[in-house]
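Asks: One structure, as structure tokens, below. Some questions next.
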Amino acid sequence: MNKWIKNIVICFIALSAVWSFNSLDFPEPKPPGLPRTINANTFFKDKIIINGNHLFIDTLKLNLKKIPQVKDLYTVSKIVVGKWAKLYTVLKIEESGRDGQNSYYAKNYFNLVGMRYPRKRKTTAIRRGNDYYSVYANWYEGMIDFRYYIEYMEGSFFRKHKRYPKTEEEFINHLYGSYNKYSKWYNDVRYLLRNFDYD
């Protein structure tokens, strides 16, 4: 009986150690050869102004340290992400929730669309967090990183199809499996694209 209890205690300690190790938040340097600092203020200085902790676009003023409403994110993404702004907005809703429903990674990492820390492409991520999720200084730099990712994946699409993607659904078909492998995610994103209501 004592041996049985001893084995249970050892298993419990081992499982606790594994759980503790997996929940550690290891920093990771940016991929080699990339700039060590990103000045997000220089990217779209003709349309977007960064002043302190605030972003200004036309009459809109947004706190960089507070996740904006989805419609405001869509407004900014039309400049930052360009033609894939709807895709960014839909992925934000699917990955971290609608207004007031932000996920752990959105609230703690400013990672609104579930970006993993890259090993090959350039990134604005300041480090790697739990489960390889990217950590950003603010939500705007996370949006810029999504643009980097989309540009990288457009190249991937081109290499496969000898042309660039024409629609969001076509692009989602290409991203499915690498961005997210779950059919529920795929079906949710397609539904959100077809019922997009922020234009």
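Quick note: the coordinates plus some simple rules give every number you see, no bench work behind them. Just so it is clear, the model here is predicted, and its values are computed rather than measured. Neighbour counts run over all protein chains shown; Cβ positions are idealised from the backbone, glycine included.
Asks: Among the numbered criteria (1) more than 23 Å from L64 (Cα to Cα); (2) surrounded by fewer than 18 Cβ atoms within 10 Å (Cβ to Cβ); (3) in contact (Cβ under 8 Å) with a residue 12 or more places away in the chain, which one does Y198 miss?
Replies: The failed condition is (1).
Asks: List every residue pair whose Cβ atoms lie under 9 Å apart, where the two residues are 6 or more positions apart in sequence or sit on different chains, the first residue falls within segment 104-116 and is touching a residue at least 40 places away in the same chain (Cβ under 8 Å), and the second residue, located anywhere, is part of a strand (DSSP E or B) and of a type in the set (A, V, I, L, M).
Replies: Partner pairs satisfying both residue conditions: F110/V135.
Asks: Okay, next question. For segment 174-191, check the following and say yes or no: at least one residue is in contact with a His (Cβ under 9 Å, 6 or more places away or on another chain) and assigned to a helix (DSSP H, G or I).
Replies: Scanning segment 174-191, I find at least one residue that is in contact with a His (Cβ under 9 Å, 6 or more places away or on another chain) and assigned to a helix (DSSP H, G or I), so the answer is yes.
Asks: Every residue in segment 46-87 that is in contact (Cβ under 8 Å) with a residue 60 or more places away in the chain, out of contact with any Leu (no Cβ under 8 Å at 6 or more places or on another chain) and closer than 18 Å to Y148 by Cβ, please.
Replies: Matches in segment 46-87: S77, V80, G82, W84.
Asks: If you don't mind, there's one more thing I want to ask. Starting from segment 138-163, take each residue that is more than 20 Å from R127 (Cα to Cα) and without any contact (Cβ under 8 Å) to a residue 60 or more places away in the chain and list its partners that are exposed (fewer than 14 other Cβ atoms within 10 Å of the Cβ) and not charged (D, E, K, R), counting only C-beta distances under 6 angstrom and pairs at least six apart or across chains.
Replies: E154/Y164; F158/Y164
Asks: Also, I was wondering about something else. Only one of these is touching a strand residue (DSSP E or B) at 6+ places or on another chain (Cβ under 8 Å) and among the hydroxyl-bearing types (S, T, Y): S134, S77. Name it.
Replies: S134
Asks: Next up: Please return the ranges of helices (runs of 4 or more DSSP H) entirely within segment 59-164 where 2 or more residues are exposed (fewer than 15 other Cβ atoms within 10 Å of the Cβ) and on the phi < 0 side of the Ramachandran plot. So that I can check it myself, show each step before the final result.
Replies: Values: elements: 70-80, 85-96, 104-109, 139-161.
Hits in segment 59-164: 104-109, 139-161.
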